[in-house]
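Following: one structure in structure tokens, then a few remarks.
The values are calculated or read from the model by the stated rules, or taken from the named source; none is laboratory data. Bear in mind that the values here come from a model prediction, so they are computed numbers and not experimental data. Positions of Cβ are generated from backbone atoms using ideal geometry, with glycine treated the same way; all protein chains shown enter the neighbour counts. For the accessible areas, the whole protein counts, side chains as well, though only heavy atoms, and no ligand, DNA or RNA atoms are used. Shrake-Rupley method; radii C 1.70, N 1.55, O 1.52, S 1.80 Å.
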Amino acid sequence: MAGGIVLLSSSSPSDRPYLKGRQLIFPLCLAISLFFLWGFSYGLLDVLNKHFQNVLKITRLESTALQIVYFGGGYFCFSPFAAELLKRKGYKITIVLGLALYAIGAIFFWPTAHYSNPSNAKQAFGGFIVCTFVIACGLATLETSANSYATIIGDPKTASMRLQFCQSWNGVASFIGPLIASRLFFSGENSSNLDNVKYVYIAVACTAVLVAIFFIFAKLPEVMAEDENLTTDATEEDRPLWKQYNMIFAFIAQFCYVGAQVTVGSFFINYATENADFTDPQASNLLSYALITFTVGRFIGTGLAHFFQADLILLVYSIISIALSVYISFGYGRAAVIVLIALFFFESLMFPTIFVLGTTNLGRHTRRGAGILIMGVSGGAAFPPIQGVIADTYSTRISFLVPMVGFVVVLAYALYHWITHGLKIRRNSPTVENEFTLSNTSKYPTGYTHESMITTENL
């Protein structure tokens, strides 16, 4: 691969090098492209759920198989492999592998959709499940690397704000996905066939290939494991991974949050059509508006993280999400749908906040810890079947008590972290930090020696 830029290691945690100001722009732009790709994929998933119900004549419970393989098969099973690859080979190779898997899974949507017909609907759905699994493996690899990279590459004090900003573009893509899908999947004759599914996923595959080529030839800084050791003190670093209790609690909270988020999105169209008088295309458009609300919440959360402690914001938002979930479960009509859209705003910043809180001060465990936190995304496989059973047995409206349980667990983690970290309200103002100028890699900053250089093999 093309030669990369070298980050240097220092002798103390306070001197750990990181990118700053304009140095961050290019690496973060490439990272944002990854967030955009998997946001778009996730946005398509919720619309496909309803489209497959209509075209392939499957039940709501059966349609949740997409979420099971997407979040359970891909994220839960493949994240540990992605984390190990990340630790051994670095960020660039891991990212390119993730993009390759993403493109392969998307390409095979074409033959699966092309050869599907009413007589082999169940077999066709099985083919889509396999394709979704491959896509999910790629996305799990991208999330393991990109979330960690965005967190570690800049100032540790602004890690939460930086990751929330990157995740905001994930939200942008997640509402563009349903907006496009509602036009292509539910309009005219397309509402009863899978023709346009083929073209959408071919476009997705081509985009993934282009981004992969960009990463192969781009010169990106590689933060090596030695640098990550400097992000924590000796006491934290010496503890084995299984005794990193904050990370374990964060994994549980992430598992429950993603489960809640996925069920809210997966059953949004069903809720809007059954609990109010919206049609499928109208409900799909409303889902896009809800995801716009989600995106706006991400950007506003980025601003709030500049002034307030991340764990306090998470605490307040989780309380509001619980209250909204209760109303959604017992409310009727369009007002209840509006409240459901509002829920997207308050759940928006939970994932990046939990990720940063859970991976901070892990030192040498940072990359494996990132993989474990991404495994928490598998909650999206556990919650939808439970909600699907309740929706089929009782009603979609009552089934929204399931995500409420997830938000309760997030509240517990936020409260635990806030209490154990001093009950702080305002974020500490950043001090002047050590800056490493990437434009002059032939000179070493003050306090660095030639021996402290970390090479970037294969970068």
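For the pair residue 394 and residue 277, the difference between a 0.36 nm per residue extended length and the Cα-Cα distance amounts to 40.2 nm. Residue ranking by accessible heavy-atom surface, 1.4 Å probe, largest first, among 360, 293 comes out as 360, 293.
For residue 114 and residue 183, the FRET efficiency from 1/(1 + (r/R0)^6), where r spans their Cβ atoms and R0 equals 22 Å, is about 0.60.
If you roll a 1.4 Å probe over segment 342-422 with all protein chains in place, what percent of the accessible area is carbon or sulfur?
Working: 1710 of 2330 Å².
After summing per-atom areas, the C and S share lands at 73 percent.
Surface exposure of segment 72-202, expressed per residue as accessible area with a 1.4 Å probe, stands at 36 Å². The label-point distance for residue 424 and residue 300, in a model that sets each label 7 Å from Cα toward Cβ, rounds to 2.5 nm.
Measuring nothing but protein heavy atoms, the accessible surface of segment 149-213 at 1.4 Å probe radius is 69 percent carbon and sulfur.
The stretch between residue 241 and residue 199 holds 10.7 nm of extra length on full extension. This uses 0.36 nm per residue minus the Cα-Cα distance.
One decimal place: the segment residue 22-residue 335 gains 108.2 nm when fully extended, by the rule 0.36 nm per residue minus the C-alpha distance. Label-to-label distance, residue 308 versus residue 129, with points set 7 angstrom from Cα along the beta-carbon direction: 4.3 nm. If a spin label sat at a point 7 angstrom from the Cα of residue 191 along the line to its beta carbon, the backbone N atoms of segment 39-75 nearer than 15 Å would be those of 50-56.
Each of the peptides 269-279, 133-143 was scored by the mean count of other Cβ atoms within 10 Å over its residues; in descending order, highest first, they stand as 133-143, 269-279. Calculated accessible area for segment 267-342 comes out at 37 Å² per residue, all protein chains present (probe 1.4 Å; ligands, DNA, RNA ignored). Cross-linked pairs 20/92; 92/424; 20/89: Cα-Cα separations exceed 29 Å for 92/424. Here the simple spin-label model places points 7 Å from the Cα toward Cβ, and for residue 316 and residue 57 these points are separated by 5.3 nm.
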